[in-house]
Amino acid sequence: MRIGWRMIGLCGLVLTLVAVSTVSWLLKADQGLGLIWTVVPGAVAVITPAIAWVVRARLDAGSEQERIERAIAEVAQLSAQRLRVQEASRGALTPWPLPVRWNTTERAQAVMASWSAIRGAPTNNDAIDLAGEYVDIAEVYARLDAPRRLVVLGEPGAGKTTLALRLVLDLLGRRDPDDPVPVLLSIASWDPSSEHIRGWTARQLAADYPALAEIVGRHDHRTTIAQLAVDQGRFLPVLDGLDELAEDTEHRIGPPGGSRHGQALAAIGGLLQRNDQFVLTCRTRTYEAAVALEGPLASVPVVELTPLLADDVQRLLSATAPSTAAWQPVLAHLRDHPHGPLAQALSTPLMVWLARTIYRSPRSDPAELLTDRIGSSSAAIETHLLDHLVPALYPAAPAPDHRRTRWPAAKVAPWFRALARLMIARDAVSFAWWSPAWIYRPWREVIRFAGAFVTLCLLFAASFLVGTGQAGRGLLVAGLIPLTIYGVVVTLASPVRTHHRIAALAEAAVVGMLVGLGAQAQPISGTVYPWPEALAHAALPAAVTAFAWLMVCTLWGRATAGRIILAATGRMPWRMWAFLEDAYQRGVLRRAGVHYQFRHARLQERLAARSV
């Protein structure tokens, strides 16, 4: 029978506490706080397994399959709620569904297997009609002659993520109880060289949906509900942004080179079984480079999003404009120059949304897009639109929604620039609640433990040579005891990375209490203090130890310290999470589970590059 690492760590902790209690009793700690130092570790050693057993029994309540079904139903409900908010913030259905179209273009056919391989019929090489428009995506995907797996290609800003949102929402709306639950996942954090795609999928789902993080199984095979459900094929992963994979360990955002993307493509293709369902989105050039290295995915059709038609762009702009007269010069220019710089810039849903958002105010003048300063090239127009998104979404006037915080318009842009630079500096495309721990990063746990342990041991040995007395040696011993406990957990289990705030605070309080009591106990300090004086002497080492443990040994503490540093240096507001959530509601950010991302990688890159 395989014993879990957490159980080994728990046993090590219990044995250490029993040893501490026994040593203290042998040294006749029967007065003052010495008595507490004798009793407390022993009591904790006895109570801890009992609490663990009770908690485990409660978690195991109900049958395993019932828990899985409840968790999957919760995921379907939460996913639909989140994605509706994102789709609304993108304006994909206003004033009518986004006129995004796709087809099996020549470029798509060049990077896919034969139709006979896709159909699974050696004698049938007839093409499957996969062309469609925005609201048809679920119909096209679920066609009887389609394999229910798909690769969606497109240029930057062509609407790949928005289309993936609509697909997931439509599939959730028509889902039967036995159908897999479609889930939208940003694939940017996957490292195909070190992690199985199924394991990564399960880990992402467990992080995004707490119900899936619960442990199921018995004794020799315990795993998360997420992993079990993924292994059972209960989820349909919609993997967004293959092009956002790090090209190497040094650069996560940059021009596609193909090697990491090809590695990911090979890993996915090598694991495909005949009935597996999935969707993958990627920039066209990146996918072409990956296929050139590793070959196409067998039995997976490929479609490519096409540019918006000029007529569709004109109708969208005129229908949503607060003043049709203000847009007349722009609309006339689009009609007269259907292939000009402005038409090229506004050929993607991203740029059309930016234009609609920036010039929605009656006081704005969209005709400035035709000036020589802005309209000289499609790149200049796109840069102008990206630069003016944040000021348009954060006007100086209060928001009409009284529940929305009025963030200072002058500070919002620097905050976004700092966030974009921080993410690029960390080679990241997403930002989660634990991300500020990047700012405050102590050494790796094992190195920290080894260095501190050796230092304290040397000091303890030196104390006999210089004659520091029992009190000084007692403080060193008091530091060695919790450090030893921590070392057992690090060595046998995993680094102490407590996520939850209450758990982190409780853990720090317990460690601080043990150190405080131990430092003043008679067998260690050599002095029997009266109760009031003993508590006063114990307060300082307990507080210092608890604070240090919280800030160094718990992920929540390190993330909190990082947030404080960001706010104190003016790079983010003090109410950072409220600010990020508000940015998500406004459309500057998007959210994938607990991870925030900029609406588009181009927006992140542009914000990071701007100096003012």
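The values are calculated or read from the model by the stated rules, or taken from the named source; none is laboratory data. Note that the coordinates shown come from a computational prediction; the quantities given were computed from them, not determined experimentally. So basically every Cβ, Gly included, is an ideal-geometry build from the backbone, and we count neighbours across all protein chains shown. For the accessible areas, the whole protein counts, side chains as well, though only heavy atoms, and no ligand, DNA or RNA atoms are used. Shrake-Rupley method; radii C 1.70, N 1.55, O 1.52, S 1.80 Å.
Restricting A207, A211 to those that are under 24 Å from A428 (Cβ atoms), touching a residue at least 12 places away in the same chain (Cβ under 8 Å) and not β-branched (V, I, T) reduces the list to A207. When V183 is tested against (1) farther than 21 Å from T306 by Cα; (2) among the aliphatic types (A, V, I, L, M); (3) more than 23 Å from the chain's Cα centre (by Cα); (4) open to solvent by less than 20 Å² (accessible area, probe 1.4 Å), just one condition goes unmet, and that condition is (3). Of the residues contained in region 158-174, none is found to be of a type outside the set (G, A, S), at pLDDT 90 or above, within 19 Å of L239 (Cβ to Cβ) and in a loop (DSSP other than H, G, I, E, B).
Looking at T223, T201 in this structure, which one is β-branched (V, I, T) and free of Cβ contacts under 8 Å to residues at least 12 places away in the same chain?
T223 is the lone residue from the list that is β-branched (V, I, T) and free of Cβ contacts under 8 Å to residues at least 12 places away in the same chain.
Can you spot a residue in region 107-124 that is in contact with a strand residue (DSSP E or B) (Cβ under 8 Å, 6 or more places away or on another chain), open to solvent by 70 Å² or more (accessible area, probe 1.4 Å), not charged (D, E, K, R) and not in a strand (DSSP E or B)? Show your work before the answer.
In the first step, residues of region 107-124 are kept if they are in contact with a strand residue (DSSP E or B) (Cβ under 8 Å, 6 or more places away or on another chain); the result is 107-109, 111-112.
Among the residues that remain, those that are also open to solvent by 70 Å² or more (accessible area, probe 1.4 Å) are: 107, 109.
Going one step further and asking which of them are not charged (D, E, K, R), we end up with 109.
From what's left, not in a strand (DSSP E or B): 109.
Yes, there is a match, as at least one residue in region 107-124 is in contact with a strand residue (DSSP E or B) (Cβ under 8 Å, 6 or more places away or on another chain), open to solvent by 70 Å² or more (accessible area, probe 1.4 Å), not charged (D, E, K, R) and not in a strand (DSSP E or B).
One residue stands out among those in region 372-397 that are of a type outside the set (A, V, I, L, M, F, W, C) and assigned to a helix (DSSP H, G or I): the one that is nearest to K411 (Cα to Cα), which is P391. Being in contact with a strand residue (DSSP E or B) (Cβ under 6 Å, 6 or more places away or on another chain), open to solvent by less than 20 Å² (accessible area, probe 1.4 Å) and aliphatic (A, V, I, L, M) is the filter here; which residues of region 207-228 pass it? Selection gives I225 alone.
When T201 is tested against the conditions (1) among the hydroxyl-bearing types (S, T, Y); (2) assigned to a helix (DSSP H, G or I); (3) more than 22 Å from D179 (Cβ to Cβ), the lone failure is (3). Pick out the one residue from V135, V100 that is within 13 Å of L163 (Cα to Cα), without any contact (Cβ under 8 Å) to a residue 60 or more places away in the chain and among the β-branched types (V, I, T). Checking each option against the conditions leaves just V135. Taken over region 281-299, the criterion of being basic (K, R) and within 21 Å of I137 (Cβ to Cβ) is satisfied by R283 alone. If you filter region 567-602 down to residues that are of a type in the set (A, V, I, L, M, F, W, C) and part of a loop (DSSP other than H, G, I, E, B), you find that the one that is surrounded by the fewest Cβ atoms within 10 Å (Cβ to Cβ) is W574. Residues satisfying the criterion are absent from region 234-249 (criterion: out of contact with any Ser or Thr (no Cβ under 8 Å at 6 or more places or on another chain), modelled with pLDDT of 85 or more, open to solvent by 40 Å² or more (accessible area, probe 1.4 Å) and in a loop (DSSP other than H, G, I, E, B)). Scanning region 78-85 for any residue that is surrounded by 14 or more Cβ atoms within 10 Å (Cβ to Cβ) and over 26 Å from A202 (Cβ atoms) turns up nothing.
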